[in-house]
Structure formats: structure tokens, C-alpha cells
Amino acid sequence: MKKFNIRKVLDGLTAAAASSSSQPGQRPPDTDIPESLCSEHFQLCKTVRHGFPYQPSAMAFDPVQKILAIGTQTGSLRLFGRPGVECYCQHDSAAGVIQLQFLVNEGALVSALADDTLHLWNLRQKRPAILHSLKFNKERITFCHLPFQSKWLYVGTERGNVHIVNVESFTLSGYVIMWNKAIELSSKTHPGLIVHISDNPMDEGKLLIGFESGTLVLWDLKSKKGEYRYSYDEAIHSVAWHHEGKQFVCSHSDGSLTIWNVKSPIKPAHIITPHGKLPKDGKKPEPCKPILKVEYRTCKSGDPFIIFSGGLSYDTVGRRPCLTVMHGKSTAVLEMDYPIVDFLTLCETPYPSDFQEPYAVVVLLEKDLVVVDLGQNGYPIFENPYPLDIHESPVTCCEYFADCPVDLIPALYSVGAKQKRQGYSKKEWPINGGNWGLGTQSYPEIIITGHADGSLKFWDASAITLQVLYKMKTSKVFEKSRNKEEKPNTDIVDEDPYAIQIITWCPESRMLCVAGVSAHVIVYKFSRQEVTTETIQMLEIRLHYEINDLESPDTEQVPSLVTSCQGPNSQTANSQSHPSTSSSSSDGLRDNVPCLKIKSTPLKQGAGYQAEVVIQLVWVNGEPPQQISSLAVNSSYGLLVFGNCNGIAMVDYIQKTVLLNLGTIELYGSNDPYQRQPKSPRKTRQASGGMLTVTSCMCGLSSLYSESVKRLRSSYLSLCDINEGSTTLDDRCKSPTSGSTSSCNSEDEQKMPNFIERVKNKSRKFSKTVVSDIAKMSRKLSLPTELKPDLDVRDNSFSRSRSSSVTSIDKESREAITALHFCETYTRKADTCTSPCLWVGTTLGTVLVIVLNLPPGGEQRLTQPVIVSPSGTILRLKGAILRMAFLDTTGSLINPAHEPWREPNVPEEKDDKDKCRKLRPVSVSPSSSQEINETQYAVICSEKQAKVISLPSQNCIYKHNITETSFVLRADIVGLNGSICLACFCANGHIMTFSLPSLRPLLDVNYLPLTDMRIARTFCFTNNGQALYLVSPTEIQRITYSQGTCENLQEMLGELFTPVETPEAPNRGFFKGLFGGGAQSLDREELFGESAAGKPSRSLAQHIPGTGGIEGVKGAASGVAGELARARIALDERGQKLSELEERTAAMLYSADTFSKHAHEMMLKCKDKKWYQF
């Protein structure tokens, strides 16, 4: 039975009273800041989705509208028009898309899903919606075919039957082609499922049905019987007609192609195995891999094209997937980077009975979309204008910046234009349908993605579009091993040692810093000029945490944090321009060795971002460096700071020196509120040390590094507070072994020795088991959601619970740095002026302040040291610190000081004043600071709560507990409508915003349950109500929480459907019309209508009305702007139709007037003539 503790009850009452005294909305008397934001300014909705469709499964193309549709295994649809015109739709069932069929030039699309449902999509609105659905109950759908300019859809099933659906009403016809009637006595067994349906290009009344077993039937729709039956020994995968309707070609499972004459069903006219080896004895060629799809396209002047995928010989081991193009006597094999899902040939005419004149092939791969130009020699590919290469290397982190400096995008584009590849087709992109939207957002937006191979990509995301601006590779500064034998043993991970974990970028100064998974940091400066760096500056830092003989924090003194300082267990860093040599400690363990080796040869760096200095953490006594958990840079101060679970390091990147290198505990000095236990001796760790090294190498990074590995390594320490109960902060932070400082009752004191003994026993097991658990969890979380094994519920919901072996002793000894913020504010209560400082947040909810004493600008900044000293200020919150920001006395955001960008590689002939001005910080040093009596406010957000603290008094004026049962994953202070707010994304899927400084809740929407660490790693907010996250390994989802953007979204989106005249049908010619040649039409309404075919079976399929009609659109719409936009579109369409009608009327009047004149002239000419004069 749990013992009642009156002290905790009293503490809870005290905390409740304290929180109620500063509830949001109640303004303390000393603050009177007007707030303009209210809940009406916020609304959450998805805007656009960028990237390659994840797990594609089907594709279709409208040859008149020039629109491409791609379906996926998760039930999503992506529609592509001209560059900048894209659309995303999702089926509610999330079943995989097996086939897509356009109603050509009708603004509609039919999708067939794996759950045996057909859907009709209306594409005439900016956000397509489903008009009708038809659910098959007794049979599985395997193939669909919709003839050009027909309203009757043929549906083939797994049982071998063919059903017919009216696409206007989406109801079944009573006309059914049963498999047994189709094959009759041609086969004694069931022919298998239907793999192909198509009508003869020259006779719509003849339907070709292909069965999986190798049987084909040419069905006469009028007489309702099979006219011809064709049989082959190998299974059929696809069929394609010659445009004259006299021949068709089949692809088979043995890699062969059979060409049949329609009126010769006994045997194929030709059998070819394009990639098969012909034996010398003239026997049958060796079997090859299946040809999955074939297309037969004809040209007026020249040989026809036969294009197919697959069919390679089985002995081509390791050969990439191929698309084969046979044209006359030439055969071209086009190798692809990924397996082929589907391909389509783009032709000049939509009529199947005319010469197709193919000009391009669209190839859908598992992870790419390729368009091949058939009109040029060598078949070059088109340059893809869509942002489909986001996943070129797996995305490991991303950042989003809105309202950037206007000159930034042109600068990045100018340096990125030099990186473009050559050899593309010179023709324009052939998928060019739709129209652009009328964007009202004029501010620049930039997205930066970090990747597993160490590369970064800068994207122009302005006006809901996405276009790559510039690419860079951080791995260029490191030596790469040529083979596995040369691979160093110092890597933390076996795969992706250069992967990006954290990106810090200052758009104003263009300073860029990245932290990688191998515990390395690189500082970049932007330059328009190419430069060759002889030696890259490198700093090695020995950042290690270990407490020896520590009994009580009261005995510690506040360390003096000055230049080149070091803690008791932290050695000074090594400043080098070349890689260090491997060294070992006395017991043979790896020591003072970085994980990566810097290039020793001169490095040519192109225009763009150029490496300034590389900082690496080194191995310490056989233990690898811990991955970096936080990073910050300030161009005005010339300082870089980063931290991990061991401590913090600060670097002056101007002087290339290390200013600070301390364990986290040493930052507290004598003010440490936590009484910590020494770590276990070296001997007890040696057994597991090697295991830690090896096993941590096994956790490949492809989709997990950053928050997941970091937090799993610290045993979920950073994700929550220590106790889930209602204990106060002081009680929460005390160690069970704290002795007299812990106010426990006598029973608790008696249990302490036993508790400590259990901890010692479990800690030995923990060192061996936690790493394997981390590796297992990493592998689980890195898998796609569909492929994950059954994870524990706590894993999926990111529960706060911990293993019993993870004690508070181990947690407190691993206090990580989670937030860093440079600013110029008050550092102590007694301050009367602001000064440059660094605010540090930790996983235990502590905020510490470090004072920075900067030398004056110019030459003194290059020679005099930066003085770093503690302020003694300590603030506490519940949960790990995530974000910090500062407001001035009016409530406006105080942006960190920055240096405006200037070209770093200026010629030496420039005057020295320019150089001095370039190095002068914007802010002044404390010695020359003027007294400022204006109040500032610190906004601090942790995983559990947010506080607004008045400075310099350090009084908490507002506090809000964001969540009790979950935790915040991402928090940002963002600007919206000329004001600022705090935006938070919680692990339970809630997106919340709070006013500043009062922390009033403005928005709370349950948007997205967190089921994948990818979302947690990539979710980020930015200004003007924008946010994004990586919704799949290949796609970025952008959302908005701004009411104004939601209302204007309809205008910003592009239009997929545009009124286009259907091309004229091919001319039959005089003799074909006279002797009955040419295409034969068919009155399908007469055959398939209810009057002739009867009523269908009610139990076969169920009709489900959709919401894509006019009524559904009106009912689902919200906002006056949406209604006005739709009314305007309808008015435009009506006006366009009226103008077309007016033009036709005018043309008819002109024709009639001309005819009247000619008739009058003829009458006058013949008026006086006699009958015999004619």
C-alpha cells in the first residue's frame, strides 16, 4: 500500500496557488503590454505537399489536358501539371491504388483501389474531390479500361469476369462477360484473373480480353460471343494494339514477345525474345525475366516503336532495371537507378486508330520519375522541373525560414546555377497542363534539408512552390576511405558518418553551422567567389564528463570561466590545421582521436558556402564522443557554442580558439541544486565500454539520427521530468541518496541502503542491455510505418515511462545541453545595463546564464581574447528546455545581434577600414554599455511548460503548463500579423499557440498523432503562420496555422483543368468511307443500357455518393473567400463559354451573309436567261 505523504500534498497546494496567481490573461500590475493576436487569427489546414510520391503503384496521363496522375500504395494521389502546378489527394480508406484512368479532356479521373473500390474524382476544382464510389462485394478488381470518349468503363476481376460501369452515374450495367462463355471449350481449366482489356482501335465492338494463364479472347459485344481465341504456353503480363487493329503484341513471363494477327488465332505471327541468347542448334532461346509491360506505337514516317520493361537475361547479375526501346533494327537499353513501377508513352494524338507519333516515355520508378525524349538520338532525358529529389539521400533534419532577406534567394540561385548538370534534352517539359494560382504571399521562404550523406539542399519555398536553389556537400572536407580495409575504427556509426543532425543558419549574415552524427561541427561562410583553401582549420575538443570523489556540491567553488579554461576532467582543446594522429591511453584504449579525418591536401571550394573551421570531439579513454544535442552561432560576436550530454564547448571562430570546455555540472559551480552520484569506476565500465562502441556503430542513421538516438542514449532523460506525480520541482530534483537534504520519513531512510544496492546491481546489467535496446528501437523507428513490427504502445506514443534500471542517479549524471541562445540582456538581478551573454538550457529544466566580455572591433577583436564568466543566474522549469527568446518592454521580439553579410574573399587592395568594419560586432561590450532601465522579458519553453520572466528582476510574471500527459517536441517563437506568439507541437499530436507575453492559449488542434520519429525530427514552425514536417521518407507536408493564409489558399493553388478543344478525329479518307474502312463506332448506350442489358445484381456492388459535386463542395467549404473564388471561377468558365458561343454565332452570321450575297449574284446573273441557255 502506498504511504500517504502530507508534505507532497502541501507542496502541491503551494504550486497550485503559485500558478493560479499568474494565470494567463491576468496581467501583473508592472506589465501593460497590448496584445493584438486573438484566436480568430488562427486556423490550421494543410497547404501543399512536395516531393516524390512515397511507394508509387500506378500512373495515368491525359494527352489533351497534359496532366500526369500517380497513385501510391497508401491510397494517395499526386497530380502534376506544368512546373508549379501540383495537387495532393487522399483516399479515405488508405488502400493501395492499383490503376488510374483519365476521362480524357473531361476533368475527371477514375481510381481503382486494392479494396475493390472504384472512385470518380472531379478535377475541375482546385482541390479535387470524389463524386462517386462503387464498392465491389463479391469479386476482386484486377484491371480497368476506359475507351477514349466513352462513358462505359470495363472492369476485369479475379474470377475472370468483365463488368461494365457507367461513369456518369457510377452504376453497373446488366451486361456481363462471364469467363466460361468467353473461353468456351478452348481451355479445360479456369483461365485465371484478367490482366488486360482493350477494344480494337478500328472496331469498338470487338473487345480483347487477356487472361493470366495465356489465353486471349476477342469478344464481339453485339453478338455476345467470342469471335477468336488465342492461346500461348506462357503467362501474359500485358497486351498492346497496332493502330490499324490488325495486329497486337503480348508480353510474357519468359521474357518473350508474341505478335498475333487478329484473324490467325492458331499461332503467333512472330515470337521474339529480345534479350534471350539464341542457341547454335536453333532451339528455343533461353528464358529471361518477365516482360511486365509492352507498348506498340506507330509513326507515319518511320518504323514503329516497341517499348517494354523487364525481359533481361537471368545471367545479368547486378544489372540495374532497364527500359528497352526497339525502333526498326536498333534496340536501345536504358538503365534506371530504381525498379520500374510503370511507364507510359506520350503521343501526339489521343485517338488509338491513328498514327500515334510517340515523342516521349514517362517512366515511374520506385523513387524517381524519368521522362525520356524519343525524338533525339541517344534518347536523352528531360530535366525534371518538379522537386522530386528531396530524398536523393535520406532527410535527417530540416529547417524552415519565412520572410528572409530579399537578396538571399537570388544569391543562392546564382551560385546554384553553376552546379546544374548537362546532357538533358533541349525540348520543353512535356507535362505542361493546368494554370498557376494567383499567389498573394510575396515574402521569400527558404527550406534547408540536411541529409544522411552529409549534403544540404536550399529550396525556394515562396508562394507554396518548391524549387531547389543550391546544393552543398559537407563531406568534402573529410578524407574518404577508398575501401573497407582503410575504413577507420573511430566511426561512431557504420553507415552515414557525415549525416547532418542540426542546422543553424543566420539569413542576415549568411553564416551557416552544421553538426553531424560523428560529433563534428563545421562553420561555413558564404562567398560568391571560388577559393582554394590550403589547409582547413580544425579544432579538436576533449569534452568528457566524469566525477571523481564527489561527496557534496557544497564543497565546490564556482569555476572561473575564462579563455582556455578547463574543468577538472576536461582537457584543453587542440587547435590544428591537420588531422591528429591516433593515440591510446595507458590501458590501450583509444584516446584523443577524432571520428573523421580532415583532408590534408588543398581543397578547392566553389562559389557558395565555404568551410571556415571544423570542430571535432575526440574519443576519451576508449569511449566515443557523444553526439551533439544543441548548437548556436552568432555572427556579431564571432562565437559558436554547442553541447551534448557531457557538457558544453564554446569556440571563437574568428581567432580559431576554444573559449569554454566544461561538463554540465561544472557550469553550476556551488549553486548546483542536484546532489549527484559519482559514475562507476573505470574497471567496471571496461567490460561494457567496447560493447558500447561496437553496438552504437550498428545503429545506422538513414532515418533516425538526431533526436531519437540522442534521447535513447540518455535513456529518455530529455523527454520528460523525473517523476510523473504531482511532486514539486525541488522534490523532483533531489537524489534518493542525498541524505539530510532529502526530507524523507524514517521508513524511506531505512529503504535507502537496499535501494542503492539494487541500483548497483541493475547498473551492471544496464550497461550491457541498454545499447542493444537502443539498436533495436532505432531499427524499429527507422522503418516505414507499414513495415514496423508490433512496437510497444509506449514506444509509439513516446511514453514517459522508463526502465526500472534507469535510476535518477544515472539520469542526473547525464544532464544534456538542449537549448542555447545568444542575446544581449540583463544577466543578474542587480544589472542596470544589458550585456552580451549566452543562455543555456538543460534536460533537467535548468537555465544558466554565461556572461561574454567581447573586445572592441577591428584589429583588437583579432588579438584580444573573449572573456567568459558565469553570472550565477539559475532559472528552473519543468521538463527539458527547448526554446528561449527575449522581448523588449513593448513586447516585441529582440532578435540576436548579427553582422550584415559582406564578401569574405575581398581582394587585398581594398582599404583596411572595410575589413575593420566587417569584424566589428553590432553590440557593444559591457564596459561601454550605457545604463538602460527598460524591462526585458525572457520567454522560456520546456517540454512541459512555458514561462515569461521579467528582467532584470527575474520574477516569473506568466506561467502556463502546456501539457501534463504528453510533452512538447518542438517550440518556436514566431511572428504573425505584426505580432509574435509561441507555437508548440506535442507528442500527442496537438498543435498549440500562445500569446506573448501573457501565454494565453490561442489555438489547440489535435492535428497529427506522432507515430514516427521522422515527424518529431523534422517538424518546425516559422513566421507568418507556416510550418512543415517530413510526412514520408520522400515527401514534405506544409501546413499553415494562419487564418489569413487559409482563406487565401484557394486563390494560391493552381488549376488542374483548363478548357481545351479536343483534337479532331483522323480523316477516314474517300475510299475508306466508300468501302467501309476506318474505325467502326459503336452505340454502347444501346448495348449496355438498362433497356437492352437489364438490371445488374444488387449484391455485386454498392454505390456510395461522394462529396465532390457542387453541393458537396458548397457544404464542405468554409469562408467567404472560398465561396467568392469558386463563384469567380464559375463566372470565368461561363464567360469563356459565352465568348466562344458569341464567336461561333458571329462566324455563322458571316457565313450566312456570304452565302446570301453569292445567291443574289447568281440570281441576277441567271435572271434573263432562257432554259436552253443554261
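The values are calculated or read from the model by the stated rules, or taken from the named source; none is laboratory data. Bear in mind the structure is a predicted one, so any value in this text is a computation, not a measurement. When we count neighbours, we look across all protein chains shown, and the Cβ atoms used for this are built from the backbone with ideal geometry, even at glycine. The protein model used for the area step is the full one, side chains on, heavy atoms only, and it has no ligands, DNA or RNA in it. Shrake-Rupley method; radii C 1.70, N 1.55, O 1.52, S 1.80 Å.
Give the residue that is farthest from Asn161 (Cα to Cα), with candidates limited to residues of segment 1085-1097 that are loosely packed, with under 12 Cβ neighbours inside 10 Å and at pLDDT below 80. Checked segment 1085-1097; the qualifying residue farthest from Asn161 (Cα to Cα) is Ser1091. Just the residues that are more than 30 Å from Tyr351 (Cβ to Cβ) and of a type in the set (S, T, N, Q), please, taken from segment 87-129. Hits for segment 87-129 are Gln90, Ser93, Thr117.
Consider segment 242-274. How many of its residues are assigned to a strand (DSSP E or B), open to solvent by 30 Å² or more (accessible area, probe 1.4 Å) and in contact with a Ser or Thr (Cβ under 8 Å, 6 or more places away or on another chain)? Here the count works out to 3.
Might you let me know whether segment 209-218 holds any residue that is farther than 16 Å from Phe143 by Cα and not hydrophobic (A, V, I, L, M, F, W, C)? No: zero hits. Take the conditions at pLDDT below 90, out of contact with any strand residue (DSSP E or B) (no Cβ under 9 Å at 6 or more places or on another chain) and either within 19 Å of Ile654 (Cβ to Cβ) or surrounded by fewer than 22 Cβ atoms within 10 Å (Cβ to Cβ) (or both) and apply them to Glu546. Does it pass? Judged against the criteria, Glu546 is not a match. Inspection of segment 841-852 identifies no residue that is surrounded by fewer than 20 Cβ atoms within 10 Å (Cβ to Cβ), modelled with pLDDT of 90 or more and more than 30 Å from Gln529 (Cα to Cα).
Among the residues of segment 43-58, those identified as of a type outside the set (Ser, Thr, Tyr), assigned to a strand (DSSP E or B) and either within 15 Å of the chain's Cα centre (by Cα) or buried (at least 22 other Cβ atoms within 10 Å of the Cβ) (or both) are Lys46, Val48, Arg49, His50, Gly51, Pro56, Ala58.
The strands (runs of 3 or more DSSP E) found entirely in segment 286-402 that carry 2 or more residues being under 30 Å from Gln467 (Cβ atoms) and touching a strand residue (DSSP E or B) at 6+ places or on another chain (Cβ under 9 Å) are 330-335, 340-347, 358-365, 369-373, 395-402. Pairing residues of segment 1145-1165 that are at pLDDT 80 or above with residues that are open to solvent by less than 100 Å² (accessible area, probe 1.4 Å), at Cβ distances under 8 Å and at least 6 apart in sequence or on separate chains, gives no pairs at all. Would you pick out the residues in segment 411-462 that are closer than 19 Å to Leu1030 by Cα and assigned to a helix (DSSP H, G or I)? Passing the criteria: only Ser462.
Look at segment 80-108: where a residue is within 22 Å of Ser57 (Cβ to Cβ) and of a type in the set (A, V, I, L, M, F, W, C) and a partner is assigned to a strand (DSSP E or B) and open to solvent by 40 Å² or more (accessible area, probe 1.4 Å), sitting 6+ places away or on another chain with Cβ atoms under 7 Å, you get Phe80/Glu86. Scanning segment 1023-1039 for residues that are closer than 23 Å to Tyr386 by Cβ and out of contact with any helix residue (DSSP H, G or I) (no Cβ under 6 Å at 6 or more places or on another chain) returns Gln1026, Ala1027, Leu1028, Val1031, Ser1032, Pro1033, Thr1034, Glu1035, Ile1036, Gln1037, Arg1038, Ile1039. For segment 955-974, filtering for residues that are small (Gly, Ala, Ser) and modelled with pLDDT of 95 or more leaves 1. Selection of segment 64-92 for residues being buried (at least 19 other Cβ atoms within 10 Å of the Cβ) and of a type in the set (Asp, Glu) yields only Glu86.
Among the residues making up segment 159-174, those that are assigned to a strand (DSSP E or B) and either hydrophobic (A, V, I, L, M, F, W, C) or under 17 Å from Ser198 (Cβ atoms) (or both) are Val162, His163, Ile164, Val165, Leu172.
Condition check for Leu153 on (1) over 24 Å from Ser1091 (Cα atoms); (2) modelled with pLDDT of 95 or more: one failure, at (1).
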